[in-house]
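Below: the structure, in structure tokens.
The values are calculated or read from the model by the stated rules, or taken from the named source; none is laboratory data. This structure is a prediction, so every number in the text was calculated from the model and none was measured. Virtual Cβ from ideal backbone geometry, glycine too; neighbours counted across all protein chains shown. The protein model used for the area step is the full one, side chains on, heavy atoms only, and it has no ligands, DNA or RNA in it. Shrake-Rupley method; radii C 1.70, N 1.55, O 1.52, S 1.80 Å.
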Amino acid sequence: MEVNWPERFYCRSFARKIAQWREVRYFRATKPIPPGARVLEIGCGDGGGAGIFARAFAPSVYHGLDVDPAMVRIAARRPKKGPLARSVFVLGDAERLPYPDGAFDVVVNFGIIHHLPDWRRGVAEVGRVLRPGGTFYFEEIYPPLYANPVFRVMLAHPRENRFHGPEFRQALDEAGLSLLPGWHESRLFILAVAVKTPRP
């Protein structure tokens, strides 16, 4: 689902970019990507996270996908130079990714899965489009952060079938995504890197 204006304002803020920069620094310290990697970011918003991630990792191709047409238009206006020289920003739904199986070496998620009504399908889609051995870099938040009495009335999020840490980690496992050591989790969020493990 699309975010509402308070969350859109935060997602485009300098504070959010600082948080993403810190998250990407953790991602890079945990696992670098292979040369020539193809990257997909789900819920790319205005493309700010794409610029931060691409500068840190220098992928060969960067696809940003978002369900909000206004955000996709903003992201698509970013200069196609430097690390984003081969970037594409497209309108699409993270529950139904318009890519074939194993199309990407990397999937990036800066906290969009909790916006999906069918979040389990979103996690499964991440696993589907990653090649075996591919990497999922993600930050995700839990209901105590976004569904507390204050934010519940300010922000637009699905209310049913929400997840906490155990449910989210189980969905990752079911999608063939194994957490690497060093992941961080509290009752509010998880910051982690997972690798798609081949199924027998």
The listed residue being open to solvent by less than 30 Å² (accessible area, probe 1.4 Å) and in contact (Cβ under 8 Å) with a residue 12 or more places away in the chain, out of Leu97, Leu91: Leu97
Positions within the range 90-111 being under 21 Å from His164 (Cα atoms) and outside any strand (DSSP E or B), in sequence order: Ala94, Glu95, Gly111
Please list, ordered by first then second residue, the pairs with beta carbon atoms under 8 Å, 6 or more apart or interchain, first in the range 68-87 and assigned to a helix (DSSP H, G or I), second open to solvent by 50 Å² or more (accessible area, probe 1.4 Å) and at pLDDT below 90. Met71/Arg8; Leu84/Arg78
Is it the case that some residue within the range 6-16 is open to solvent by less than 50 Å² (accessible area, probe 1.4 Å), modelled with pLDDT of 90 or more and either closer than 21 Å to Ala192 by Cα or not hydroxyl-bearing (Ser, Thr, Tyr) (or both)? no
Could you list, in sequence order, the residues of the range 17-43 that are modelled with pLDDT of 90 or more, touching a helix residue (DSSP H, G or I) at 6+ places or on another chain (Cβ under 9 Å) and part of a helix (DSSP H, G or I)? Gln20, Trp21, Glu23, Val24, Arg25, Phe27, Arg28
In the range 166-181, what residues are in contact with a helix residue (DSSP H, G or I) (Cβ under 9 Å, 6 or more places away or on another chain) and open to solvent by 80 Å² or more (accessible area, probe 1.4 Å)? Glu174, Pro181
Filter the range 46-88 down to the residues that are on the phi > 0 side of the Ramachandran plot and open to solvent by 40 Å² or more (accessible area, probe 1.4 Å) and list them by number. Ala58, Gly82
